[in-house]
Amino acid sequence: MIMSSPRNWRRAAAATAVAAVAFGTFAGTSTVAVAAPAPTSSTAAPITAQAVENLGLTVRQAKGVQHRSRAFGYNPGTIDGYLGTNSWKAIQSSLKKHGRYSGAIDGIVGPETIKGLQSALKEFWGYTGAIDGIAGEGTRAAFARYGSWCADLYGY
């Protein structure tokens with residue numbers, strides 16, 4: 001490249017600087033440029049992982065369960081057929097209201113949530129197993145019956 005004018009020199013210098021930043025070196029240094037963290041606001045909602053646990057329900061059945069939760073005044077979040085944290089918070093809230101769950105409304109599908117669900121499934125949906133907090137085959141089958149009923153009810 002011929003550097004006959006100051007204009008060409010400036011272009012070459014700018015291109016070298018851009019390349020140096022892109023590759024993390026400039027004039028023999030090994031410093032890597034790092035962007036400053038984005039400013040945070042105390043009003044911003046925290047970003048959390050949204051685990052999905054359908055316990056064997058199809059998307060259709062899970063949409064029915066979500067719709068049923070919403071129909072009873074609980075907020076399952078988006079009715080999308082994936083039982084994530086908000087859907088399980090809604091289910092936990094319903095179970096708690098009916099005395100079947102005493103834990104935190106946290107959306108985590110742990111043994112206490114499963115016990116509450118098993119209690120309801122035993123009374124209304126033909127679950128015959130133990131209230132043991134393990135989402136085994138019988139729990140999943142009874143939950144699927146409930147999910148299918150909900151899906152049929154709401155036209156999914």
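Any read-out appearing in this document is the output of simple, stated calculations on the displayed coordinates, not a laboratory observation. The structure presented is a predicted model; accordingly, all values stated were derived computationally and were not measured. Cβ sites come from the backbone with ideal geometry, for glycine too, and all protein chains shown count toward neighbours.
Quick notes
- Cα→Cβ-extended label distance, 7 Å offset, between residue 104 and residue 75, nm: 1.9 nm
- Distance histogram in 5 Å bins (all Cα pairs of region 46-156, percent per bin): 2, 15, 23, 29, 21, 8, 2, 0, 0
- A simple spin-label model places pseudo-atoms 7 Å from Cα toward Cβ; at residue 130 and residue 152 they are separated by 3.2 nm.
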